[in-house]
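What follows is calculated from the coordinates using simple rules that are stated; it is not laboratory data. All values reported here derive from a predicted model rather than from experimental measurement. We place every Cβ from the backbone using ideal geometry, glycine too, and count neighbours over all the protein chains shown.
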Amino acid sequence: MKLIIRVFERTENAGQAGAMLIGGQMIRKPDSIFGLATGSTPVTTYKQLIKMTDDKLLDWNRVTTFNLDEYVGLPGDHEQSYKTFMKAKLFDFVNIRPEAIHIPDGMAEDPGAECMAYERKIREAGGIDLQLLGIGRNGHIGFNEPSDVFKTLTHCVDLSDDTIEANARFFSQPSRVPRQAISMGVGTIMKAWQIVLIATGSDKARAVAAMVQGPIDPQCPASILQTHPRVTVLLDRAASVALSR
């Protein structure tokens, strides 16, 4: 099925549209299970979801969440951990139950066992209803880096130089950026009933074009989304410039 693509003139409108889709899912199914993303892209979406919650439009009391990934070697209270990010950008401002929040444990003694346990939790919860994604400059989704094969299940990833460079702005020194992460696999992401991907900025334009119009190739992990039946791609004008008309 062809990807649904919407292009917005204003960057913040892409994030707001993402919040509308998430909110609509929550209203239709109050016990929805969401897969959530981190990074700068979904911040506007989370701000809008907080506003919708404050306006009594949304109720998180029955919602369950699973985050895409977490850095290996960062404790949950580290200022750059994704657990800290999610608390600061969303969870501290909505009425979600603490036990309903799931984020991989980057400090697990056995990362492989943690990956298997995380996969099992998703399955036991009933699977993800709506997965929110961003896209990396190299086409990664979650931390699934370009590779010779698509990685299927939650796994431990060696981060590419491009991803480390892109994330260095969040750390005091580039050398402090973790070199590994635990990430949902492409197969796990593709099992979500619905996927919403948001991309903004000209630095994402080539990756967006490869995802939408290129061949399905693990060198651009996001290209696998072409085979999913329910994907909505929300772009600002800058992220859409490389798409052929």
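DSSP loop (so not H, G, I, E, B), at most 15 other Cβ within 10 Å: list which trypsin sites (Lys or Arg not before Pro) in the stretch 1-64 pass both filters.
Numbers: sites: 2, 6, 10, 28, 47, 51, 56, 62; in loops: 2, 10, 56, 62.
Filter output for the stretch 1-64: 2, 10, 56, 62.
Out of every Cα pair in the stretch 120-218, what percent are spaced more than 18 Å from each other?
Numbers: 2512 of 4851 pairs.
So the portion of pairs separated by more than 18 Å is 52 percent.
What percent of all Cα-Cα pairs in the stretch 1-127 falls into each 5 Å bin, going from 0 up to the bin containing the maximum distance?
Bin by bin from 0 Å, the calculated values are 2, 10, 18, 22, 19, 15, 9, 4, 1, 0.
Mind running the shape call on the stretch 177-245? Use the C-alpha gyration tensor, a ≥ b ≥ c as the square roots of the eigenvalues: rounded below 1.5 for a/c, prolate if a/b tops b/c, oblate otherwise.
oblate
Would you pull out the residues with amide H under 5 Å of residue 58's amide H, same chain only if 5 or more places away, H placed 1.01 Å from N?
Close amide H contacts, sequence-distant or interchain: 53.
Amide H neighbours of residue 5 under 5 Å, at least 5 residues apart or on other chains, H built in the peptide plane: list them.
233
Counting only residues 5 or more places away or on other chains, whose amide H sits under 5 Å from the amide H of residue 133 once H atoms are built in the peptide plane?
The list, which skips near neighbours in sequence, is 196, 197, 198.
With both partners inside the stretch 4-240, how many of the DSSP beta bridges are antiparallel, as a percent to the nearest 5? Don't jump to the answer; show the numbers that get you there.
Values: 9 of 31 bridges.
Of the beta bridges lying entirely in the stretch 4-240, close to 30 percent run antiparallel.
What is the distance in Å between the Cα centres of the stretch 52-101 and the stretch 167-245?
21 Å
Taking every eigenvalue of the Cα gyration tensor of the stretch 1-74, multiplying by 5 and rooting it, what semi-axes result, largest first, whole Å?
Values: eigenvalues 75, 71, 40 Å².
Sorted largest first and rounded, they come to 19, 19, 14 Å.
With θ set to phi - 60°, apply the Karplus curve 6.51 cos²θ - 1.76 cosθ + 1.60 along the stretch 227-243 and write out the HN-Hα couplings as whole Hz, x wherever there is a Gly or Pro.
Per residue, the Karplus-derived 3J(HN,Hα) values read 9, 8, x, 9, 10, 10, 10, 10, 10, 8, 4, 5, 6, 9, 5, 8, 6 Hz.
Out of every Cα pair in the stretch 4-240, what percent are spaced more than 31 Å from each other? Please list the in-between numbers first.
Working: 4097 of 27966 pairs.
Above the 31 Å cut-off, the stretch 4-240 has 15 percent of its Cα pairs.
Through the Karplus equation 6.51 cos²θ - 1.76 cosθ + 1.60, θ set to phi - 60°, convert the phi angles of the stretch 28-33 into ³J(HN,Hα) values in whole Hz; use x for Gly and Pro.
Going residue by residue, I get 5, 9, x, 9, 4, 10 Hz, with x marking Gly and Pro.
Is there a quick way to get the dipole size of the stretch 4-240? I mean about its Cα centre, with the Cβ of Lys and Arg at +1 and of Asp and Glu at -1; what is the value in debye to the nearest 20?
Approximately 780 debye in magnitude.
Fewest first, what order do 5, 128 take by the number of other Cβ atoms within 10 Å? Mind showing how you got there, number by number?
Working: 5 15, 128 24.
Listed from fewest to most nearby Cβ atoms, that is 5, 128.
Using helices alone, what [θ] at 222 nm do you get for the chain, with -39,500 (n - 2.57) per DSSP H run of 4 or more residues, divided over all residues and rounded to the nearest 500? Don't jump to the answer; show the numbers that get you there.
Values: 7 runs with 74 residues, N = 245.
Taking each H run of at least 4 residues, the total per residue is -9000 deg cm²/dmol.
In whole Hz, with x marking every Gly and Pro, tabulate ³J(HN,Hα) for the stretch 50-58 from phi via Karplus 6.51 cos²θ - 1.76 cosθ + 1.60, θ = phi - 60°.
5, 4, 5, 5, 4, 7, 6, 8, 10
Looking at this model, which pairs from 29/89; 56/83; 51/151; 2/56; 29/87 are more than 27 angstrom apart at the alpha-carbon? It would help to have the intermediate numbers written out before the result.
Details: 29/89 23 Å; 56/83 25 Å; 51/151 36 Å; 2/56 35 Å; 29/87 23 Å.
As for pairs spanning more than 27 Å Cα to Cα, those are 51/151; 2/56.
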